[in-house]
Amino acid sequence: MESWNTPLPARLPVQPDRLKIHDTSSQAERHPGNLAEASLYVCGITPYDATHLGHANTYVTFDLLNRYWRACGLPVTYVQNVTDVDDPLLERATATGVDWRDLAADQTELFRSDMEALNVLAPDHYVGATETVDWVVQSVEALVDNGTAYAVPGVDGGPDGDVYFSIDAAEAATDWTLGSIGRLGSEEMSAVFPDRGGDPERPGKRHPLDPLLWRVARPGEPTWDGRSLGAGRPGWHIECSAIARRLLPAPFTVQGGGSDLRFPHHEFSAAHATAADGKPLAGTFVHAGMVGYEGEKMSKSLGNLVLVSRLRQQGIEAVAIRAALLSNHYRADWEWTPELLRQAMDRVARWRQALGLETAEDGSAVLAAAHRALSHDLDAPAALTELDRWAERALDRNAVDQYSAAPSSDLSAPDVRTVANGLLGLML
Ligand code: ZN
């Protein structure tokens, strides 16, 4: 489907091979491999509620990685999906009397405009689940053929033939074991599974945590031709697995998402891919922390959402929202507050004030310091502090003697505005 438009940043004079990033699967910081084909898959939204700050935090996090690679001159392939058919979307559409397709289209459009405002680089492939049902069907058929998927028999006259992934069969046939990607313990996996789309009580499943691959047709639900699977619609984890396998190398470099995707979503997307072709889904699994508000995790189910679009309607500049997000380390869980936003607005104003001085130095020192900070597990808060230090120096020097420092004559050195946009996506 249509993506959005964000200007690509300039390449910057930095080394490409410095980045170490925390990998959830190995629980260690490491250099992401396969940079000859730098490739990124970030799980997209289910479009039934507009972009909240938790979403924005995740996409801005992975935009840092994308910008880091691009600044280094690496060609990057970035894929993001839109889960534009799924239970929560259909339930919301029914509850509000809206056609599910219209709801998905409207919310996806709002998401695009939020991403554009936040200066998040657009994916190279922005793909809807409804556009890729054929890919899912082929993947599920392959899993059925090799014995890692099975159809659940109908119970009490209910529909027959929903297809599930067999954890036990996949563990026997591949290197993947349950928990090896998301690194949650078995008790925690069992605890979160029902809240994240899982159905441990479903009769006929071989393992309570076996995830759905293909849901056969029910009256009133949208369905697609599933060939040997029968008419139906895709499960969630196989959607991302199938899209990534079609559009990215196997394995691709980084799988990204919020930490609530560690299990079951990323655990099973990876397991499905490995069960199909024996290869890992991705080399590195990276997860962004959760954003809280008024003491709770910001989530649709709790109804405590702060929406990017609402803040923008209130006249808040998107660059200040972005600066507020970046002032927290991406792996931290943190709380959104009006004070955090006010501080970010002050910082943006101060950076602009410094950029307005003729005496402002070139950006080489800021570039080196910000790149060093980001190389350590994308430490954006430290990079913002470098911008603060530069602004302080520039404003102090100007106060002492506004004629003492001539602007740099070195045309190859990037200016600070180019560095701030290139590495941090802050359009000042
Ligand atoms: Zn996904």
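Using a 1.4 Å probe on the protein chains only, how many percent of the accessible area of segment 267-355 belongs to carbon and sulfur?
47 percent
Semi-axes of the equivalent ellipsoid of segment 209-342: what are they in whole Å, largest first, if each equals the square root of 5 times a C-alpha gyration tensor eigenvalue?
After scaling each eigenvalue by five and taking roots: 35, 20, 13 Å.
What Kirkwood hydrodynamic radius do you get for the chain when you take the inverse of the mean 1/r over all pairs of distinct Cα atoms, in Å?
Across the chain, the inverse of the average 1/r is 22.8 Å.
Any chance you could run the full-extension gain for Ser180 through Ala250? It's 0.36 nm times the residue separation minus the Cα-Cα distance, nm to one decimal.
23.4 nm
Taking the Cα-to-Cβ direction at His31 and at Ala172 and moving 7 Å from each Cα, how far apart do the two end points lie in nm?
Reported label-point gap for His31 and Ala172 is 4.1 nm.
Which value, in Å² rounded to 10, gives the accessible area of Ser190 with a 1.4 Å probe and all protein chains present?
Counting only protein heavy atoms, Ser190 exposes about 60 Å² to solvent.
Assuming R0 = 45 Å, what is the FRET efficiency of Thr94 and His207, from their Cβ-Cβ distance, to the nearest 0.05?
Result of the calculation: an efficiency of 0.90.
At a 1.4 Å probe radius, carbon and sulfur cover how many percent of the accessible area of segment 59-167?
46 percent
Given the whole protein assembly as supplied and a 1.4 Å probe, what does the accessible area of Lys300 come to in Å², nearest 10?
50 Å²
How would you rank 208-218, 334-344, highest first, on the average number of other Cβ atoms within 10 Å across their residues?
Per-residue Cβ counts within 10 Å, averaged per peptide and sorted highest first, yield 208-218, 334-344.
Taking R0 as 35 Å, what's the FRET efficiency between Ala368 and Leu8 from their Cβ-Cβ distance, rounded to 0.05?
Step by step, r from the Cβ atoms, then E = 0.95.
So if I average 1/r over every pair of distinct C-alpha atoms in segment 71-117 and take the inverse, what Kirkwood radius in Å does that give?
Hydrodynamic radius (Kirkwood, Cα only) of segment 71-117 equals 12.7 Å.
Starting from the eigenvalues of the Cα gyration tensor, five times each then square-rooted, give me the equivalent ellipsoid semi-axes of segment 329-379, largest first, whole Å.
Square roots of five times the eigenvalues give 24, 20, 4 Å.
Starting from the Cα coordinates of segment 220-273, work out the convex hull volume and express it per residue in Å³.
Considering the Cα atoms of segment 220-273, their hull volume per residue is 111 Å³.
Could you grab the Rg to Rh ratio for segment 147-298? Cα atoms only, Kirkwood for Rh.
Dividing the radius of gyration by the Kirkwood radius yields 0.98.
If you count, for each residue, the other Cβ atoms within 10 Å and average over each peptide, how do 254-265, 226-237 line up from highest to lowest?
254-265, 226-237
Please report the projected area of segment 93-209's Cα convex hull averaged over all directions, in nm².
If I average the Cα hull's projected area over directions, I get 10.9 nm².
Suppose all protein chains stay in the model; what accessible area per residue would a 1.4 Å probe give for segment 207-283, in Å²?
Counting only protein heavy atoms, the per-residue value for segment 207-283 is 29 Å².
On full extension of the chain, what length is gained from Gln353 through Arg389, given 0.36 nm per residue of separation minus the C-alpha to C-alpha distance?
That works out to 11.6 nm of additional length.
In terms of modelled amide H atoms, which long-range or inter-chain residues lie less than 5 Å from the amide H of Arg331?
Residues meeting the criterion, in which the H sits 1.01 Å from N, are Gly289.
Based on the mean of other Cβ atoms within 10 Å per residue, sort peptides 170-179, 381-390 so the most packed one is first.
Taking the mean over residues of other Cβ atoms within 10 Å, the ranking is 381-390, 170-179.
Which order do Thr6, Thr284 take when ranked by solvent-accessible area (1.4 Å probe, heavy atoms of all protein chains), largest first?
So, going from the largest accessible area down, we get Thr6, Thr284.
How large is the translational diffusion coefficient of segment 190-263 in µm² per second when you combine the Kirkwood radius over alpha carbon pairs with Stokes-Einstein at 4 °C and 1.567 mPa s?
Rounded, D is 90 µm²/s.
Can you give the alpha-carbon Rg of segment 272-368 over 2.2 N^0.38 Å, where N counts its residues?
Dividing the Cα radius of gyration by 2.2 N^0.38 Å gives 1.52.
Which residues in segment 50-65 place their backbone N less than 18 Å from a point set 7 Å from the Cα of His376 along the Cα-to-Cβ direction?
65
Given a Förster radius of 51 Å and the C-beta distance between Ala399 and Arg101 as r, what FRET efficiency does 1/(1 + (r/R0)^6) yield to the nearest 0.05?
0.30
Give a residue-ordered list of calculated ³J(HN,Hα) values for segment 220-235 (Karplus: 6.51 cos²θ - 1.76 cosθ + 1.60, θ = phi - 60°; whole Hz; x for Gly, Pro).
Once rounded to whole Hz, the list reads x, 9, x, 9, 10, 5, x, 6, 5, 7, x, 4, x, 9, x, x.
Helix-derived [θ] at 222 nm for the chain: sum -39500 (n - 2.57) over DSSP H runs of at least 4, divide by residue count, nearest 500?
-12500 deg cm²/dmol
Mind listing the phi-derived Karplus ³J(HN,Hα) values for segment 377-393, rounded to whole Hz, using 6.51, -1.76 and 1.60 with θ = phi - 60°, and x for any glycine or proline?
So the Karplus estimates, Gly and Pro as x, are 6, 6, 7, 5, x, 5, 5, 5, 4, 5, 5, 4, 4, 4, 5, 4, 4 Hz.
When DSSP assigns beta bridges and you keep just the ones with both residues in the chain, what percent turn out antiparallel, to the nearest 5?
Given both bridge residues lie in the chain, the antiparallel proportion sits at roughly 40 percent.
Need the list of aspartates and glutamates near Lys279 for cross-linking: C-alpha distance under 15 angstrom, and skip anything on the same chain fewer than eight residues off.
By straight Cα distance, Lys279 reaches Glu171, Asp175, Glu267.
Can you give the angle from 0 to 90° between the axis of helix 364-375 and the longest principal axis of the chain, with both taken from C-alpha atoms, to the nearest 10?
Compared with the principal axis, the helix lies near 30 degrees.
On a C-alpha basis, how far is the centre of segment 336-371 from the centre of segment 232-283 in Å? Whole number, if you could?
38 Å
The values are calculated or read from the model by the stated rules, or taken from the named source; none is laboratory data. Bear in mind the structure is a predicted one, so any value in this text is a computation, not a measurement. So basically every Cβ, Gly included, is an ideal-geometry build from the backbone, and we count neighbours across all protein chains shown. Note: accessible area is taken over every heavy atom of the protein model, side chains too, but ligands, DNA and RNA are not part of it. Shrake-Rupley method; radii C 1.70, N 1.55, O 1.52, S 1.80 Å.
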